[in-house]
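For reference, the structure discussed in these notes is given below.
The values are calculated or read from the model by the stated rules, or taken from the named source; none is laboratory data. Worth saying up front: this structure is predicted, and the values here are computed from it rather than measured. Virtual Cβ from ideal backbone geometry, glycine too; neighbours counted across all protein chains shown.
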Amino acid sequence: MTDMSIPSYNLTYSLKPEANQMAKFPKSETSPDKQPDRPHIYTKWERTRQSLLIATKQLVTEKDVDAISIADIARSANMSRGTVYNYFETVEAALAAAAVELIDEFAGRQRQYAEIETDPARVIAYGVYAALINAFDNQTLAWFYVRYAPRSPEVQAHLDAVMQQILEKGIAEHRFSLSQSRIPAIIIFIRGAVMHALRTLLETEHTDHLEIDIVILVLMTLGLPANEATTITQSIAADFRQIATSLNL
């Protein structure tokens, strides 16, 4: 059986240097008698940084990223602009740091499901459905994907790498009816379909199960018959909460 495990991609050190503010603060030495299972006690620096990231994430749900300023982050976090600059030199650095947390969390779900599901068609269906259902379950992540991901090659590369490995497996197992050379185009198609559908779901009150239709369309684009694509999608949608619970998400 082909290994479906997907490697974890850590964005922290692939983003711009200013985004990795943690590198500027050396970690304290661990005492020899410290127990490995002792709960982590967050320092004041860590708590402040997390508050700034929460404020940044909230702002992305309210306005386009180009309209966000350091003053906005400071105001949202109820801190001074000087405090923000102590942690993030630019708005882009704060956005990139917030993206690390959000995108790693989402990609982690995809990796976990790929470890227990052998059918690449179901893995793709789960990934697309999970991305779209964020419009209802996690609007912070949804807005980040819509408003920030398109301007971040690092975020796109992170998500594309996960998708590419699943597509390659599906092609190798003759599950998908396309050639290896078409993978880049398929990734762009899926990314665009998810992006536009997600914005529609966020901005439109009545969408008539758009998320279901998009997943079916993606599977049909990969070569699955319409009836099979529909059956897989309906199964994923019906079992989505149970799957999330089983993965402890």
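Return yes or no: is Glu211 among the charged types (D, E, K, R) and surrounded by 16 or more Cβ atoms within 10 Å (Cβ to Cβ)?
yes
Could you run through the stretch 96-120 and say how many residues are buried (at least 18 other Cβ atoms within 10 Å of the Cβ) and free of Cβ contacts under 8 Å to residues at least 60 places away in the same chain?
Residues in the stretch 96-120 being buried (at least 18 other Cβ atoms within 10 Å of the Cβ) and free of Cβ contacts under 8 Å to residues at least 60 places away in the same chain: 3 in total.
Kindly indicate the residue of the stretch 133-153 that is buried (at least 18 other Cβ atoms within 10 Å of the Cβ) and of a type outside the set (A, V, I, L, M) and also farthest from Leu201 (Cα to Cα) among those meeting that condition.
Ser152
Scan the stretch 197-205 and give yes if some residue there is out of contact with any Pro (no Cβ under 7 Å at 6 or more places or on another chain), among the hydroxyl-bearing types (Ser, Thr, Tyr) and surrounded by 18 or more Cβ atoms within 10 Å (Cβ to Cβ), otherwise no.
No.
Report yes if Thr233 is hydroxyl-bearing (Ser, Thr, Tyr), part of a helix (DSSP H, G or I) and outside the structural domain of Glu62 (by TED's automatic domain parsing), otherwise no.
yes
Report every pair of residues separated by at least 6 positions or lying on different chains whose Cβ atoms are under 7 Å apart, first residue within the stretch 136-160 and farther than 15 Å from Arg191 by Cβ and outside the structural domain of Ile54 (by TED's automatic domain parsing), second polar (S, T, N, Q) and at pLDDT 90 or above.
Sorted first by the residue in the stretch 136-160, then by its partner, the pairs are Gln139/Thr61; Thr140/Thr61; Trp143/Thr61.
Considering the stretch 183-200 alone, what residues qualify as being aliphatic (A, V, I, L, M), over 16 Å from Val146 (Cβ atoms) and touching a residue at least 12 places away in the same chain (Cβ under 8 Å)?
Result: Ile183, Ile186, Ile187.
Select from the stretch 60-71 the residues that are in contact with a Ser or Thr (Cβ under 9 Å, 6 or more places away or on another chain) and more than 14 Å from Leu141 (Cα to Cα) and list them in ascending order.
Ile68, Ile70, listed by residue number.
With (1) of a type in the set (Asp, Glu); (2) buried (at least 18 other Cβ atoms within 10 Å of the Cβ); (3) closer than 27 Å to Phe176 by Cβ as the list, and Glu92 as the residue in question, which single condition is left unmet?
For Glu92, the exception is condition (3).
Among helices (runs of 4 or more DSSP H) lying entirely in the stretch 109-187, which contain 3 or more residues that are farther than 19 Å from Val60 by Cβ?
The helices (runs of 4 or more DSSP H) meeting that bar are 120-137, 153-172.
State the number of residues belonging to the stretch 96-119 that are under 9 Å from the mean Cα position of the chain (by Cα) and more than 20 Å from Gly170 (Cβ to Cβ).
Qualifying residue count for the region: 9.
For Arg191, are the conditions met, namely being among the charged types (D, E, K, R), surrounded by 15 or more Cβ atoms within 10 Å (Cβ to Cβ) and at pLDDT 95 or above?
When the stated conditions are applied, Arg191 does not pass them.
Given the conditions (1) at pLDDT below 95; (2) in a helix (DSSP H, G or I); (3) surrounded by 12 or more Cβ atoms within 10 Å (Cβ to Cβ), which single one is not true for Ala23?
With respect to (1) at pLDDT below 95; (2) in a helix (DSSP H, G or I); (3) surrounded by 12 or more Cβ atoms within 10 Å (Cβ to Cβ), Ala23 is out only on (3).
Give just the number: which of (1) part of a helix (DSSP H, G or I); (2) over 17 Å from the mean Cα position of the chain (by Cα); (3) modelled with pLDDT under 90 does Met220 not satisfy?
(3)
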